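Engineer: Okay, here's the structure, questions in a sec.
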Amino acid sequence: MTSYGMVIDLERCIGCQACSTACMEENNVSLDHIWNRVLTEGGDNIDTPAGKYPEDGGDGTGTMSMEYLPMACQHCDNAPCVKVCPVNATYTREDGIVEIDYDVCIGCRYCIAACPYNARAFNYDKPVHVPAEGTGNVPERPQGVVEKCTFCTHRVEEELDPACVIACPADARIFGDLDDPNSTVSKYVDKYETEQLLEELEADPKTYYVRGQMSPGRQRPTTELEGTRRKKTSIPEGGEQ
Amino acid sequence: MSSEEKGVSRRSVLLGAGAAAGALGLGGGYVASLGDRSDMETPHSLENFLNENKVVHGYCSPNCRGKCQMDVYVRDGQIQKVEPKVPENEAYKRSCTLGLSHTQRAYNPTRLKYPMKRTDWEPGNPNTTGRGEDAEFEQISWGEALDYVADEMRRVRQEYSPQSVYFEQGSGSDTIGGTTFGRLAGAFGGTMKSWSIDINVGLGFRRITGAGYFNTPTNQATDIENANTIVIWGGNIFESRFQQDASKVLNAKENGAKIVVVDPVYNTTTAKADLWLPVKPGKDGHLAMSMINVAFEEDYLDREFLRERTLGPALVKEDGSLLKTGEIFDDGDDETPVAYDEAAGEPVPLEPETYGEYALFGEYEVDGMTVTTGLTKVREAAADYSPEKMANYVGVQAENIRQTVRWLGTRGPGGILTGLGVDRYVYGHIFGQAYAILLAMLGQYGQRGCVTGGITQGGYFASDYGAIEGAPGARYLQQKGILEALEGGTDHPIKAMYAMCSNFTANQMPDRQRWLKALENVDMVAVADIQHTPNVQYADIVLPASHWFEREDITGTWTQPHVRYRGAAHDPLWESKHDNWMLVRLAERLGYGEHFERDRETLMRKILEAETRFTFDELREKGTIFIEDSPEIIWQGEFNTPSGRLELYDEDAPSEKGNSLEVPVPLESRTRDDYPTADEYPLTFLQKHSRWRIHSQFGHMPWMRRIHPEPTLDIHPKDARRRDIEDGDYVRVYNDRGEAVVKAKYNKGYRPGLVNIDQGWWSDDYIQGHHNDLTHLDVSEAIENFAFYDVRVEVEAAPDDIDTSMYTNPKKADWLGESTTGGEN
């Protein structure tokens, strides 16, 4: 079985929002929404720390802190959104990705109420883009449906890593098959201190966060899904370039 | 596919849902069979256009030094997406949030569409006070625009001199358009600028090492991972240059390197540090001297290195000059220094790259002269800077100063990775000198894993296309001198100006109001740019430039050893043209047409003619070529200094405020606690480089605006509350020169007494004022580098009658929803 998951190394993440922006561009996300948000864990404002400034000249790394938390759909194995959808528009695929069939979605938004990660967005209005024609490789969603991170299924099915993964300049995001013990994601979950968000809710997310000791990150510069033919661009038919 | 086509309407499903749930006897909790899709044979496939794209070679080229190579995805004639390209040397794959968002820059609503003339400007009647925010423009043809520019340039040359025409090249993009621009300025004999920005630390460092200008050089970037200790000094690596260095510095850390961050601010880079030295603004020179003091006191001296490669053993006379061989040997000269050879018991010539048992300390009598060693002079200079003595002054605890030097001195190769923060204090060059000496004492040059600065090794193509033989050449003035020429106070006042990819005068120069006033003396200002920047509002003739992805181009870069090519994704939008197109036609009008090339491909081939390692066709096909000759480890062999050694004693030193700088003497300007205006303006003001723009580029990008929608003042809550300012209140930042009204942002990462407004915001982003209305033009005698951070301000709550509605009650932009990609207007 395949079970796609994401490992995000928070020791490497520098909060640059490249993943967030690449997602918006790839998936043609309306300016009203965000699928992948990068939160600041620190002060009340974005890019600010918590703690006390060491006016005594001390090393405030002990008393001050600022970390970043990129957060999108966690693709839970026990997804609350899947359970509550009255029309089966949201479901879990064989490969573990939680997907929405926009044609079936009735916009009731039970899933938004159910998701504890605030991962979903509802198209209250028609989508808005700059440029107006939109961007990326996926059609826009119509007014009236819910949307969220898809783990870039359109790329995964073409043996490409998701857009956020290849955009990260800190190599902090790794994607792969959690059911394959030799995949990087499996090895990192095994070797490093990882956590799942809101573990106590038992949604069993397939997004794992490394905290504490830094991993080597995504060590491949190329775009292919791990274990598939090597690719240097996001043109599936293009072959290795 | 719409739901209508599928034959299922939402209404019918809604009506059905309740009935279905009821039939299954489930109240509204888990609906087992409806939720279970695992029996589907094939996963649902989202419609995608991946295979319909074509990839065009690209690269980004603002002045972040990255020139990151990119893949530009084009479909149906429009750019859909930009991704980081995997270059020939795959270790250099990189890009940043901004580079990845070029789709919104290429199709930005602020793009200039056609040539324009300011409505109240005419040759002979320039009405120069009409420039500015309220200036209005009318569309003209390219022919008319270039005629105006050429005619005015010729007239000014006639009435004044060729040097009275200023060819201003900004740093917005400097690939082949820049080459053509320089060639034209040289042909004309006009004025060009040399830098008064970001050269402070580099030039101070250069006096010791022989290299440095914009920042300071270090090994090739892939070597950073080998460093054992990296002291990031005055550089917010993970915010302002993360595209090139983030993953490599992180890898170094993962390999076990100790990361020390020296910065008054707790920012993203500080957050990754093992040790933070929260230095007070402007006191970096003092801190560096304190580290030198520790290196002596705890003895981390690399004696072999000092003897072989530095002027540590060089004998210094009482008058401060070096003893030269010509003074004591018959066959000597007046350049080669002298050392005292302890084994031989006599003075000997001190040649480059030569080891000897030279004395590093002590006083000697040579031919009746009392001399001491260079290293002794450095030790004397640092004697009063013990960490215990300096801790309070510099704002760093003594033990942490010691720990940093201990790591640098005992953990093997490592060093100091500088940013451009310290540059922006008047006497920042003295820090450059001091840290160069510290690293010399520790032997941290020329090995794998050494870090001596912030500019990693780049790669270039060979070219002999540049100046025209026999051309008069341009007059170069440092930017402060440019201002003087604009104000009319020199031999050749500036009376006409062509600004290319520059937002200097109206947005980026310190003491902005003075520049805007000076511009009133200029009869004709032409501005060529991609976007409608604040500088465009000060133009008489506006020339729309095409976006980078609309033009073929080639470039090398510093910081990364590749040469790269970019192709055109599509034709330039509207009537925009690439810079060479404009400049060649201007050159033709000025009579230099035979020296310029209209056809861009022919031009690129000419530019690359002298390159023997690869051809233009090869470069065009591959997109990137790795420059293998680019050194991996620098500082091998003789240093490019008069002695061929690291001149940790510099006899040719300049003076500052009466202090001769043979050895460092840390100095400060506004950051002194006893500075005359310290009571009235108690806050030090920096304008850091934002993550959401590159200087003033990438303005008005919706993806970036949603993250940082308006200019803000980073201020510590303590400082804010003392002034009755709540988080999110609008405030007025002011001093004698001007003001800026912005939103306050509580930020505990800022040392109390220090505030920040990111630089690069456009004048029209401000409710009132501008950050550069607060900065000044005071520079050091030696370097003349603008000191943007060496500024004092006060902050108060904004008056109630200030109209903040542009942010508090914004109107929806009228271009939203309209196509910005061409069409009618």
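Engineer: Taking the criterion of being open to solvent by 10 Å² or more (accessible area, probe 1.4 Å), closer than 30 Å to residue B:352 by Cα and either assigned to a loop (DSSP other than H, G, I, E, B) or more than 9 Å from chain A (Cβ to nearest Cβ) (or both), would at least one residue in segment B:236-246 satisfy it?
Structural biologist: No - not one qualifying residue is present in segment B:236-246.
Engineer: Scan (1) closer than 22 Å to residue A:206 by Cβ; (2) facing another protein chain (nearest Cβ under 7 Å); (3) buried (at least 19 other Cβ atoms within 10 Å of the Cβ) for the single condition residue A:87 breaks and write down its number.
Structural biologist: Of everything listed in (1) closer than 22 Å to residue A:206 by Cβ; (2) facing another protein chain (nearest Cβ under 7 Å); (3) buried (at least 19 other Cβ atoms within 10 Å of the Cβ), residue A:87 misses just condition (1).
Engineer: Only one of (1) under 23 Å from residue A:112 (Cβ atoms); (2) more than 10 Å from chain B (Cβ to nearest Cβ) fails for residue A:161. Which number is that?
Structural biologist: Unmet condition: (1).
Engineer: Here's a follow-up. Mind listing whichever residues of segment B:180-224 are of a type in the set (Gly, Ala, Ser), surrounded by 22 or more Cβ atoms within 10 Å (Cβ to Cβ) and assigned to a loop (DSSP other than H, G, I, E, B)?
Structural biologist: Of the residues in segment B:180-224, the ones of a type in the set (Gly, Ala, Ser) are B:182, B:185-187, B:189-190, B:194, B:196, B:202, B:204, B:210-212, B:221.
From what's left, surrounded by 22 or more Cβ atoms within 10 Å (Cβ to Cβ): B:185, B:187, B:190, B:196, B:202, B:204, B:212, B:221.
The answer is B:190, B:196, B:212.
Engineer: Could you give me the residue pairs with C-beta distances under 9 Å whose first residue belongs to segment B:107-124 and is small (Gly, Ala, Ser), whose second residue is open to solvent by 10 Å² or more (accessible area, probe 1.4 Å) wherever it lies, and which are 6+ apart or on separate chains?
Structural biologist: B:124/B:155; B:124/B:523
Engineer: Could you figure out which of (1) in a loop (DSSP other than H, G, I, E, B); (2) more than 8 Å from chain A (Cβ to nearest Cβ); (3) not charged (D, E, K, R) isn't true of residue B:102?
Structural biologist: The failed condition is (1).
Engineer: Please count how many residues of segment A:204-224 are more than 13 Å from chain B (Cβ to nearest Cβ) and either closer than 19 Å to residue A:154 by Cβ or open to solvent by less than 20 Å² (accessible area, probe 1.4 Å) (or both).
Structural biologist: Result for segment A:204-224: 4.
Engineer: Restricted to segment B:254-274, and to residues that are of a type in the set (S, T, N, Q) and not in a helix (DSSP H, G or I), which residue is least open to solvent (accessible area, probe 1.4 Å)?
Structural biologist: Filtering first and then ranking leaves B:267.
Engineer: Only residues that are surrounded by fewer than 21 Cβ atoms within 10 Å (Cβ to Cβ) and in contact (Cβ under 8 Å) with a residue 24 or more places away in the chain: list them for segment A:130-140, please.
Structural biologist: A:134, A:139, A:140
Residues checked against (1) closer than 29 Å to residue B:689 by Cα; (2) under 33 Å from the mean Cα position of the chain (by Cα); (3) touching a residue at least 60 places away in the same chain (Cβ under 8 Å):
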{"position": "B:232", "(1), (2), (3)": "yes, yes, yes"}
{"position": "B:247", "(1), (2), (3)": "yes, yes, yes"}
{"position": "B:273", "(1), (2), (3)": "yes, yes, no"}
{"position": "B:285", "(1), (2), (3)": "yes, yes, yes"}
{"position": "B:299", "(1), (2), (3)": "no, no, no"}
{"position": "B:307", "(1), (2), (3)": "no, no, no"}
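Engineer: Another question about this same structure. So how many residues does segment B:746-759 have that are open to solvent by less than 30 Å² (accessible area, probe 1.4 Å) and without any contact (Cβ under 8 Å) to a residue 60 or more places away in the chain?
Structural biologist: Narrowing segment B:746-759 to residues open to solvent by less than 30 Å² (accessible area, probe 1.4 Å): B:747, B:749-759.
Within this subset, residues satisfying the condition of being without any contact (Cβ under 8 Å) to a residue 60 or more places away in the chain are B:747, B:752.
Looking only at that region, the number is 2.
Engineer: Do we find that residue B:580 is more than 30 Å from residue B:88 (Cα to Cα) and assigned to a helix (DSSP H, G or I) in this structure?
Structural biologist: The answer is no for residue B:580.
Engineer: Anything in segment A:145-164 that is in contact (Cβ under 8 Å) with a residue 60 or more places away in the chain and either part of a helix (DSSP H, G or I) or basic (Lys, Arg) (or both)? List them, or say none.
Structural biologist: The answer is A:148, A:153, A:155, A:156, A:163, A:164.
Engineer: Are there any pairs with C-beta distances below 7 angstrom linking a residue in segment B:698-716 that is more than 9 Å from every other protein chain (Cβ to nearest Cβ) to a residue that is of a type in the set (Val, Ile, Thr) and surrounded by fewer than 21 Cβ atoms within 10 Å (Cβ to Cβ), with the two at least 6 apart or on different chains, and if so which?
Structural biologist: Here the result reads B:700/B:110, each pair linking segment B:698-716 to a residue that is of a type in the set (Val, Ile, Thr) and surrounded by fewer than 21 Cβ atoms within 10 Å (Cβ to Cβ).
Yes or no, residue by residue, for (1) of a type in the set (Gly, Ala, Ser); (2) open to solvent by 60 Å² or more (accessible area, probe 1.4 Å); (3) at pLDDT 95 or above:
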{"site": "A:35", "(1), (2), (3)": "no, no, yes"}
{"site": "A:44", "(1), (2), (3)": "no, yes, yes"}
{"site": "A:50", "(1), (2), (3)": "yes, no, yes"}
{"site": "A:59", "(1), (2), (3)": "no, no, no"}
{"site": "A:69", "(1), (2), (3)": "no, no, yes"}
{"site": "A:74", "(1), (2), (3)": "no, no, yes"}
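Engineer: With B:657, B:688 as the choices, which residue is under 20 Å from residue B:283 (Cα atoms), open to solvent by 30 Å² or more (accessible area, probe 1.4 Å) and within 14 Å of chain A (Cβ to nearest Cβ)? Spell out how you get there, then give the answer.
Structural biologist: Working: B:657 fails: within 14 Å of chain A (Cβ to nearest Cβ).
None of the others qualify; the one that does is B:688.
Engineer: For segment B:523-538, give me each residue that is touching an Asp or Glu at 6+ places or on another chain (Cβ under 9 Å), open to solvent by less than 10 Å² (accessible area, probe 1.4 Å) and in contact (Cβ under 8 Å) with a residue 40 or more places away in the chain.
Structural biologist: B:524, B:525, B:526, B:528, B:534, B:536
Engineer: Right, something else. Within segment A:10-28, can you find the residues that are more than 7 Å from chain B (Cβ to nearest Cβ) and either farther than 16 Å from residue A:72 by Cβ or over 14 Å from the mean Cα position of the chain (by Cα) (or both)?
Structural biologist: Within segment A:10-28, A:11, A:28 qualify.
Engineer: Is it true that residue A:189 is touching a residue at least 12 places away in the same chain (Cβ under 8 Å), within 13 Å of chain B (Cβ to nearest Cβ), out of contact with any helix residue (DSSP H, G or I) (no Cβ under 8 Å at 6 or more places or on another chain) and not polar (S, T, N, Q)?
Structural biologist: So residue A:189 fails the test.
Engineer: Looking at A:149, A:168, A:115, which is the one that is open to solvent by less than 30 Å² (accessible area, probe 1.4 Å), touching a Cys at 6+ places or on another chain (Cβ under 8 Å) and within 11 Å of another protein chain (Cβ to nearest Cβ)?
Structural biologist: Answer to the selection: A:168.
Engineer: Scan segment B:712-733 residue by residue and report those that are assigned to a strand (DSSP E or B), open to solvent by 10 Å² or more (accessible area, probe 1.4 Å) and in contact with a helix residue (DSSP H, G or I) (Cβ under 9 Å, 6 or more places away or on another chain).
Structural biologist: B:730
The values are calculated or read from the model by the stated rules, or taken from the named source; none is laboratory data. Bear in mind that the values here come from a model prediction, so they are computed numbers and not experimental data. Note: ideal-geometry Cβ built from the backbone for every residue, glycine included; neighbour counts use all protein chains shown. Ligands, DNA and RNA are excluded from the accessible area calculation, which covers all protein heavy atoms including side chains. Shrake-Rupley method; radii C 1.70, N 1.55, O 1.52, S 1.80 Å.
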